[in-house]
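The values are calculated or read from the model by the stated rules, or taken from the named source; none is laboratory data. As the structure is a prediction and not an experimental result, all values here were calculated from the model. Every residue, glycine among them, receives a Cβ derived from its backbone with ideal geometry; neighbour counts consider all protein chains shown. Just the protein is used for accessible areas: all its heavy atoms, side chains included, with ligands, DNA and RNA removed. Shrake-Rupley method; radii C 1.70, N 1.55, O 1.52, S 1.80 Å.
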Amino acid sequence: AQSVAQPEDQVNVAEGNPLTVKCTYSVSGNPYLFWYVQYPNRGLQFLLKYITGDNLVKGSYGFEAEFNKSQTSFHLKKPSALVSDSALYFCAVRDGFAYGGSQGNLIFGKGTKLSVKP
Amino acid sequence: EAQVTQNPRYLITVTGKKLTVTCSQNMNHEYMSWYRQDPGLGLRQIYYSMNVEVTDKGDVPEGYKVSRKEKRNFPLILESPSPNQTSLYFCATSLSGTGARYEQYFGPGTRLTVT
């Protein structure tokens, strides 16, 4: 069965410092990995995804994520955090070999609250 | 503008009173899904639909019904709501359910309180 873990409930960063939000996954086939962000009172917004190819994926708002197959991780990063980055971040995974049915659905982590202080 | 709309955005109701939360998309997406979001539990899938007239249970389907009579709409029905269904509900769509590479687009959410 596929699963995803976000080991930190909250990450605190000072504005201007680099940030990392951690995500590890488990799938039986090749992973398709996604990051979403949720601002207060809003729906989830897609940030970036890894399907295949380059292990470093660039996404919206200056975010990037690094896929590491040996460590089964897909950590979200940003070189310089902004106060406006404060939000709830979700990692999600889908098994790339599971077409259709519930096995083809996205599985979400529990979310990590990012707090960026001025 | 491509969007997913949900109505109502906020709803307070009483136990046992049937309700429907609507979801509509204008992107011609095949795949639609309902999630509920609860603190500490993340997003859990309730039901999903791979295409018109094709629906299936997600991880937490008990107490919910759905229908997909047309491509753009995917209403969530609570026949007899109970307090444990108090939650934040999201509708999401994707170009294709069989294409694992496609990201999902989320509606703005419906906050439901059942007293």
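Pick from the stretch B:8-32 the residues that are modelled with pLDDT under 95 and in a strand (DSSP E or B): which of them is surrounded by the fewest Cβ atoms within 10 Å (Cβ to Cβ)?
B:Y31
Within the stretch B:79-93, can you find the residues that are hydrophobic (A, V, I, L, M, F, W, C) and either in a loop (DSSP other than H, G, I, E, B) or open to solvent by 10 Å² or more (accessible area, probe 1.4 Å) (or both)?
The answer is B:L88, and nothing else.
A:S115: surrounded by fewer than 21 Cβ atoms within 10 Å (Cβ to Cβ) and closer than 30 Å to B:S49 by Cα, yes or no? It would help to see each step written out before you state the result.
Values: surrounded by fewer than 21 Cβ atoms within 10 Å (Cβ to Cβ): yes; closer than 30 Å to B:S49 by Cα: no.
Judged against the criteria, A:S115 is not a match.
Looking only at the stretch A:1-15, which residues are open to solvent by 30 Å² or more (accessible area, probe 1.4 Å) and outside any loop (DSSP other than H, G, I, E, B)?
A:S3, A:A5, A:Q10, A:N12, A:A14
So is B:I46 of a type in the set (V, I, T) and closer than 30 Å to A:G29 by Cβ or not?
So B:I46 fits the description; yes.
Any idea which of (1) touching a residue at least 60 places away in the same chain (Cβ under 8 Å); (2) farther than 25 Å from A:A5 by Cβ; (3) buried (at least 21 other Cβ atoms within 10 Å of the Cβ) is the one B:L76 doesn't satisfy?
(1)
Look through B:S49, B:S96, B:S67 and report the one residue that is closer than 20 Å to B:G109 by Cβ and surrounded by 13 or more Cβ atoms within 10 Å (Cβ to Cβ).
Just one listed residue meets the conditions, B:S49.
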